[in-house]
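Visitor: Have a look at the structure that comes next, please.
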Amino acid sequence: MAWGGFGGGGGMFGGRSSSTGLPFGGIPSELMPEATKLLASEPAHEPSAITFTQRPSAKESERLTLPRLLKVYPGYVVAGSFLVIVISLIMQVGPLLTAYAINDGMKARSSLAIVAVCAILYLGSALVGALLQRTQVNVTGILSSRVMHDLRIRVFTHFQRLSLDFFTDEKAGVLMSRMTSDIENLQQLIQDGISSFALQGLTMIVITVVLFSLNVTLAAWTILLIVPLLFGFSIWFHHASEKGYLLVRDRIANVLADLSESLYGIRVVTAHNRQRRNIRNHRHVVGAYRDANLYTGRVNAIYGPATIMIGILGQGLLLGIGGHMYLEHQLSLGYLAAFFLYLNRFFSPIQLLVQQYNSLQQGRASVIRLRELLQTPPTVDEVENAATLPTIQGRITFEHVSFGYKPDRLVLHDVNLEIAPGESVAFVGPTGAGKSTMAKLANRFYDPTEGRVLLDGIDIRSVTLRSLRSQLGVVPQEAFLFAGSIRTNLSFGRTNITDEEIEEAIDVVGLRELIDRLPRGLDTIVHERGQTLAAGERQLLALARAFLARPRVLILDEATSSLDLRSETVIERALDRLLEGRSAILIAHRLTTAQRADRIVVVDKGGIIEMGTPGELLANGGAYTRMYDAWLASGGRDVTHIER
Ligand code: ATP
């Protein structure tokens, strides 16, 4: 059972892979001047002080809403709103100037000066409007970038708090889509959506007021006939498109999840000839996504043209009624022209509102999903005012521990075990027996369903997770290396590790030969997940990492058969040094490791069926002896079952 949350397909064929590229060999000398120039122009980012606590602060646990996100930057919100109001007023001056120019300048052929002034003012208002719009786009751009920065950090911090089961249950791709498409939708909403929505809405209000002030009767005819029609239609659209966008969001998350799983697992997929089945699967999720898009497309296709039709209806109405009023001398020609111009301007915001409505809907759906995510509590949480675990001797106690990943299916049944300080205990047993699960409970990756796990007599649920894990060293079966140098990978467990300590660790675990072989020694960059290193080398690096963290208790999920005999000997020597003076739980797949432990615990079907020193167990001829015999007979391969 791998320990990591995000699956572990990558390590299956752990050897060097040309597809993952060569280790980074440094910047070539001919590119150096350009690179230096680039680096000099990079803004310096001061490292920010991080305060991470397992329990979120009151502010961090606030319900996520758009106003709450925005209120952190009141200056930008006020400036943005003010600009939107001014722009919506200034941009509507044009038709009024046109009316004035027709009525007072052109009609009586009286004044060229009036026409010229109106034209200049018209141009001026358009220019000022455009400049203000540029400022407004800048302001909302800065606002949205800052808000999104905060939100990204908040979601990421929340991920750091969540427990392992969350990452096992949720597909990595779905989580990635929260961080990418959902946050981007929200960014779009703040950057363009809200301001544009407000601008178009205000424009409609300004035009309505101006139309009524020009001529009440004509304004009433135009607006009152058209607005209710549009309004009713928009309500239908609201419901239909909300349903569509939630569907689209769900289905794109599925597409991304399927995609990321297929890419992560590409080696397994290829090895098992699963391409065809994978394509069928992907076609299915992509097809579902297409259907959701088609649905929203159909809804938009009805709404867009229908609003255009309503606009044309309005123009016809205006021509008939307005023309009649002009002939009856109830309306000037200039005002009629202004009415036509305003009517056009009245309908284009509606078209834009439809588009913005979509981004508003998408943004709203994203807020809902991000809120749900942020409200998911970690299942393994700290109690309020959790104490700091004092430096421990290393006594580990399982007291009547039962556990199930799902409450209705227990995988451990009433386990009782005590490991003395400094004692190494090997867990052996068939695959799926519950060995890794017991180790995960000791590390508090999960909490027991019943019973307690104690360290030096202290219930591990009563102490802070940080103080607990700083005294536990975990070496998972799939050693995970991060993209970066070997040095940074080794110093992962502690901040103040010196070069001397790193050198010592390298000698202790027997990595010297590898480091000397690498082009840049400790500063060689390993690619993500350490795919450019062999499985045994990764395992040794993980052991060195644990050695440097200097934990009081070591939990080691042993790598299985991927090691050759020589690596095995090196790792065993490394283990001996690592275990000196430490309590340890060793999930032993190779019985050579089990034989070196102080005590062996045989786990089967979620319970302990035998326990004793290797000598005792071999002497009493029970389950362990049968495993041992089978192991000898198989020539020392992993033992994954117990002969009955
Ligand atoms: P192995 O030697 O293969 O690593 P193991 O003895 O360590 O096996 P565990 O990994 O502890 O076995 O698994 C015990 C049982 O719990 C198995 O039936 C397994 O299918 C189940 N299990 C393990 N992890 C999960 C999980 N995250 N969710 C649900 N069930 C799980």
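The values are calculated or read from the model by the stated rules, or taken from the named source; none is laboratory data. Every value quoted in this text rests on a predicted model; they were computed, and no experiment measured them. Note: ideal-geometry Cβ built from the backbone for every residue, glycine included; neighbour counts use all protein chains shown.
Visitor: List the pairs whose first member sits in segment 587-598 and is closer than 17 Å to MET438 by Cβ, whose second member is aromatic (Phe, Trp, Tyr) and within 13 Å of the ligand (Cβ to nearest atom), and whose Cβ atoms are under 6 Å apart, counting only residues at least 6 apart or on separate chains?
Guide: Listed pairs, sorted by first residue: ILE587/PHE427.
Visitor: Has segment 554-562 got any residue that is assigned to a loop (DSSP other than H, G, I, E, B), crowded, with 17+ Cβ neighbours inside 10 Å, modelled with pLDDT of 80 or more and away from the ligand (no atom under 16 Å from the Cβ)?
Guide: No; the residues of segment 554-562 include none that is assigned to a loop (DSSP other than H, G, I, E, B), crowded, with 17+ Cβ neighbours inside 10 Å, modelled with pLDDT of 80 or more and away from the ligand (no atom under 16 Å from the Cβ).
Visitor: Something else: Does SER262 count as without any contact (Cβ under 8 Å) to a residue 24 or more places away in the chain, part of a helix (DSSP H, G or I) and surrounded by 12 or more Cβ atoms within 10 Å (Cβ to Cβ)?
Guide: yes
Visitor: Within segment 267-277, track down each residue that is touching a residue at least 12 places away in the same chain (Cβ under 8 Å) and under 21 Å from THR168 (Cα atoms).
Guide: Within segment 267-277, ARG267, VAL268 meet the criteria.
Visitor: Moving on to the next point. Checking the condition of a type outside the set (Phe, Trp, Tyr) and out of contact with any helix residue (DSSP H, G or I) (no Cβ under 7 Å at 6 or more places or on another chain), which residue from VAL380, VAL401, VAL411 passes?
Guide: After ruling out the rest, the residue left standing is VAL380.
Visitor: Limited to segment 160-169, what total is found for residues that are buried (at least 18 other Cβ atoms within 10 Å of the Cβ), more than 9 Å from PRO378 (Cβ to Cβ) and more than 16 Å from the ligand (Cβ to nearest atom)?
Guide: 0
Visitor: Give the residues of segment 197-218 that are buried (at least 18 other Cβ atoms within 10 Å of the Cβ) and over 19 Å from VAL93 (Cα atoms), sorted by residue number.
Guide: Residues satisfying the conditions are PHE197, LEU218.
Visitor: In segment 496-548, how many residues are surrounded by fewer than 17 Cβ atoms within 10 Å (Cβ to Cβ), under 28 Å from the mean Cα position of the chain (by Cα) and not in a helix (DSSP H, G or I)?
Guide: Total meeting the criteria: 0.
Visitor: Further question: Quick one: which strands (runs of 3 or more DSSP E) sit completely within segment 396-440 and have at least 2 residues that are in contact with a His (Cβ under 7 Å, 6 or more places away or on another chain) and more than 13 Å from the ligand (Cβ to nearest atom)?
Guide: Because the criterion is at least 2 residues that are in contact with a His (Cβ under 7 Å, 6 or more places away or on another chain) and more than 13 Å from the ligand (Cβ to nearest atom), the strands (runs of 3 or more DSSP E) in segment 396-440 that meet it are 412-419.
Visitor: So which residues in segment 63-85 are surrounded by 13 or more Cβ atoms within 10 Å (Cβ to Cβ) and assigned to a loop (DSSP other than H, G, I, E, B)?
Guide: LEU64, VAL72, TYR73
Visitor: I would also like to ask the following. Given the conditions (1) assigned by TED's automatic domain parsing to the domain that holds GLN595; (2) touching a residue at least 40 places away in the same chain (Cβ under 8 Å); (3) away from the ligand (no atom under 12 Å from the Cβ); (4) under 36 Å from the mean Cα position of the chain (by Cα), and given that ASP456 satisfies all but one, which numbered condition is not satisfied?
Guide: Condition (4) is where ASP456 drops out.
Visitor: Something else now. Tell me, yes or no, whether segment 471-486 has at least one residue that is over 23 Å from VAL553 (Cβ atoms), in a helix (DSSP H, G or I) and not assigned by TED's automatic domain parsing to the domain that holds TYR446.
Guide: Scanning segment 471-486, I find at least one residue that is over 23 Å from VAL553 (Cβ atoms), in a helix (DSSP H, G or I) and not assigned by TED's automatic domain parsing to the domain that holds TYR446, so the answer is yes.
Visitor: Name the residues in segment 126-169 that are among the basic types (Lys, Arg) and free of Cβ contacts under 8 Å to residues at least 24 places away in the same chain, would you? Step through it out loud before you land on a result.
Guide: As a first pass, look at segment 126-169 and keep what is among the basic types (Lys, Arg): 134, 146, 152, 154, 161.
Hit for segment 126-169 is ARG134, nothing else.
Visitor: Could you list, in sequence order, all residues of segment 418-454 that are of a type in the set (D, E, K, R) and under 19 Å from ALA623 (Cβ atoms)?
Guide: The answer is LYS435, and nothing else.
Visitor: Tell me, please, whether a residue that is within 16 Å of the ligand (Cβ to nearest atom), basic (Lys, Arg) and surrounded by 16 or more Cβ atoms within 10 Å (Cβ to Cβ) can be found in segment 588-599.
Guide: The answer is yes; a qualifying residue exists.
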